[in-house]
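Values in this text are rule-based calculations from the coordinates and carry no lab data. No experiment lies behind these values; they were computed from the predicted model shown. Please note: Cβ atoms are built from the backbone with ideal geometry, for glycine as well, and neighbour counts cover all protein chains shown.
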């Protein structure tokens, strides 16, 4: 294998790795809001269930 061929393959692989790292960073950034929305959603579900399960007392009739 000629040195030029080796360098060309190295450059191609380095570019692929950079693209992969960039894609990974982009997906990591887009996941954060989804995780936050999920936590908020489940918190609202929990609050709703607590409100639905709370014992209701009828106000006394005058």
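So how much slack lies between residue 9 and residue 38, counting 0.36 nm per residue of separation and subtracting their Cα-Cα distance, in nm?
Extending this stretch completely gives an extra 6.1 nm.
Could you check the spin-label model distance between residue 45 and residue 17? Points 7 Å from the Cα along Cα→Cβ, value in nm.
Taking the simple label geometry, residue 45 and residue 17 are separated by 4.2 nm.
By counting other Cβ atoms within 10 Å of each Cβ, how are 10, 2 ranked from fewest to most? Each step should come with its number before you reach the end.
Details: 10 10, 2 7.
In order of increasing Cβ crowding within 10 Å: 2, 10.
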